[in-house]
Amino acid sequence: MKELINDIGILPAQESTESCETFKTSAEANTGKERKVYIESYGCQMNFSDSEIVASIMHDNGFDTTSDFKKADVIFLNTCSIREKAEQTVRNRLVHFNGLKRNNPSLMVGVLGCMAERLKGKLLEEEKIVDIVAGPDAYRDLPNLVQTVDDGQKAVNTFLSREETYADINPIRLNSNGVSAFISIMRGCDNMCSFCVVPMTRGRERSRDPFSVVAEAKALFEQGYREVTLLGQNVDSYKWSAEENNKARLEKMQVGEVINFANLLEMVAQVSPDLRIRFSTSHPKDITDEVLYTMKKYDNICKYIHLPVQSGNSRILEMMNRTYDREWYLNRVDAIRRILGEECGISSDMITGFCTETEEEHQDTLSMMDYVQYDYSYMFYYSERPGTLAAKKYKDDISLEVKKRRLSEIIAKQHELSLKRNQLDVNKVFRVLVEGTSKRSEDYLQGRNSANKVIVFPKKNFKKGDYVDVRVTSCTSGTLTGESIN
Ligand code: SAH
Ligand code: SF4
Ligand code: F3S
């Protein structure tokens, strides 16, 4: 997701090498509510999905959303802490809003999400403009927090829950083009990757009631949506057992039965053959052959897997506490190719210059890329985060210059691979779900194929939400261009 400002729709992932430092504003909704909230989202898809929950909670408490912050009574920044740069972007944005508040002292400014959780009340001291600080599990409390500020005080809630999944909240689809929508299936993360701040900002992992997930997918399909993306930091560890969670669910499940991610995928896939299913993110340690076979069984489960490797070197992976090594990862990629074939899209996240990484170890990341032939990757240089295992245990000893040089090398490699992978698609026919008009020209539509590749083709009489069979005629490293054949 890059430069999403005032844009509607989920941009093709290929355009996003910095998925976690960009933002998107809330959409306009006029239902005659008294006050208006403007929401700006930063970071990962989970955060964008959370903003939709926030909009819904605010809507039920007297607020419409606006896409113009000048019209807002309340401004919420839903923030990300993943890298230092992500936090700096938010701080700069707060400076920008300062002027606005000088002219309108009753304007309320809230910081939500991961930065709120990481910095808690400290944010109020550091950023005078901020009135509300609310962590990812505190959104039901937002109306009370707003009331506290109305009453003349500042308000903080950064309580992390073991249960909250917002399962009963009907999100207001701010991030949607009317064709694709996000569905959060779990929250938090129980992995302890040594570089990562997420377990601290999002708390313990918990899975959402699968029946509420299916009901949400059904409702979306009935409203005309044709694609859902199931979201979680680690979707393959999804687990729901009736006893642990809700006795009432025993009506629908056997005693002792557990619904895992493969089961959930199957349940959602059965909503309709015309509803496409995507999911993100898969952790290499947890993705099972059962998931791969479920993907194979259903045409409407898209053949695309985001499988972040982080590094191609086993010693670095061990220090990162990823709990797999190079061989394990290669075995998972081989399983994907064996079960789902060469056309299955695979993408990755990679970090260069992690503590003590040598040139040879960096070469292992490059050779891993050659082996896997990633369709695209989100690539970053290591940014030490306070409080993480790596910050406590290891010295951040690779110079910025070296981190950046290694980053530019993996970006160049990825560029080459993306082009190569796209060239393999020329002359092939793919079923494309139309997401809207191409950004290049009004006469063209764009959508994605099952493998998540963006395909642009002449509009003719097709429209958003149609499935169109398109023959690819040419490509760049970022996009395929083609002609419809039906
Ligand atoms: N749950 C996902 C990742 C979420 S964070 C997973 O396990 O794959 C998205 C990406 O940000 C990570 O995959 C990693 O590549 C990157 N990232 C996380 N912490 C980082 C840090 N401290 N410095 C640089 N990149 C980081
Ligand atoms: Fe962070 Fe690792 Fe959890 Fe992903 S799996 S969110 S990288 S701790
Ligand atoms: Fe950022 Fe939080 Fe997502 S730190 S990447 S917004 S979970």
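The values are calculated or read from the model by the stated rules, or taken from the named source; none is laboratory data. Because the structure is a prediction, the values reported are computed rather than measured. Please note: Cβ atoms are built from the backbone with ideal geometry, for glycine as well, and neighbour counts cover all protein chains shown. Note: areas computed on protein heavy atoms with side chains; ligands, DNA, RNA excluded. Shrake-Rupley method; radii C 1.70, N 1.55, O 1.52, S 1.80 Å.
For CYS355, tell me the accessible area in Å² from a 1.4 Å probe, rounded to the nearest 10.
0
How large is ³J(HN,Hα), in whole Hz, for each residue of the range 252-262 in order, when computed from phi with the Karplus curve 6.51 cos²θ - 1.76 cosθ + 1.60 and θ = phi - 60°, using x for Gly and Pro?
Using θ = phi - 60°, the values come out as 9, 10, 6, 4, x, 6, 10, 9, 9, 5, 4 Hz.
So what is the accessible area of the range 56-148 per residue, in Å², with the probe set to 1.4 Å?
Accessible surface, normalised per residue, equals 38 Å².
As an exercise, identify the chymotrypsin sites (Phe, Trp or Tyr not before Pro) in the range 130-184 lying in DSSP coil whose Cβ has no more than 14 other Cβ atoms within 10 Å.
Sparse-neighbourhood loop chymotrypsin sites (Phe, Trp or Tyr not before Pro): PHE159.
Expressed as a whole percentage, what fraction of the accessible surface of the range 8-157 belongs to carbon and sulfur atoms when a 1.4 Å probe is rolled over the protein heavy atoms?
47
For an R0 of 35 angstrom, estimate the FRET efficiency from the Cβ-Cβ distance between ASP60 and ASP349 and round to the nearest 0.05.
It comes out at approximately 0.45.
DSSP loop GluC sites (Glu not before Pro) in the range 419-486 with at most 12 other Cβ atoms within 10 Å of their Cβ, which ones?
When the GluC sites (Glu not before Pro) of the range 419-486 are filtered for loop state and at most 12 Cβ neighbours within 10 Å, GLU442 remain.
Based on Cβ point charges of +1 for Lys and Arg and -1 for Asp and Glu, what charge dipole magnitude is obtained for the range 8-157 about its Cα centre, in debye rounded to the nearest 20?
Around 400 debye, computed over the range 8-157.
For LYS428, enumerate residues with amide H under 5 Å from its amide H, sequence gap 5+ or separate chain, H modeled in the peptide plane.
Answer set, sorted by chain and number: VAL472.
What does the extension gain come out to for SER399 and THR358, with contour length at 0.36 nm per residue minus their alpha carbon separation?
Gain in length upon complete extension: 13.6 nm.
Counting only protein heavy atoms, what percent of the accessible surface of the range 180-423 is carbon or sulfur at a 1.4 Å probe?
Ligands and nucleic acids excluded, carbon and sulfur reach 51 percent.
List, in the order given, every pair from LYS404/LYS464; LYS128/LYS393; LYS120/LYS395 whose Cα-Cα distance in the structure shown is over 30 Å.
From LYS404/LYS464; LYS128/LYS393; LYS120/LYS395, over 30 Å: LYS404/LYS464; LYS128/LYS393.
Taking the square root of 5 times each eigenvalue of the Cα gyration tensor, what semi-axes in Å does the equivalent ellipsoid of the range 256-393 have, largest first?
Values for the range 256-393, descending: 30, 17, 13 Å.
Does the range 34-80 come out rounded, prolate or oblate, given a ≥ b ≥ c as the square roots of the eigenvalues of its C-alpha gyration tensor, rounded meaning a/c under 1.5 and, failing that, prolate meaning a/b above b/c?
Cα axes put the range 34-80 in the oblate bin.
Straight distance only, please: which lysines reach the Cα of LYS463 with their own Cα at less than 21 Å, same-chain residues fewer than 8 apart left out?
Candidates past the 8-residue exclusion: LYS439, LYS453.
For the range 180-423, with every protein chain kept in place, what is the accessible area per residue (1.4 Å probe, Å²)?
39
Summing -39500 (n - 2.57) over the DSSP H runs of n ≥ 4 in the chain and dividing by its residue number, what mean residue ellipticity at 222 nm do you reach, to the nearest 500 deg cm²/dmol?
-10000 deg cm²/dmol
Would you check the accessible area of LYS459, probe 1.4 Å, heavy atoms only, in square angstrom rounded to 10?
Accessible surface of LYS459 is approximately 60 Å².
Which value, in Å² rounded to 10, gives the accessible area of TYR293 with a 1.4 Å probe and all protein chains present?
The accessible area of TYR293 comes to roughly 120 Å².
Which whole-angstrom value gives the distance between the alpha carbon centres of the range 157-221 and the range 258-336?
18
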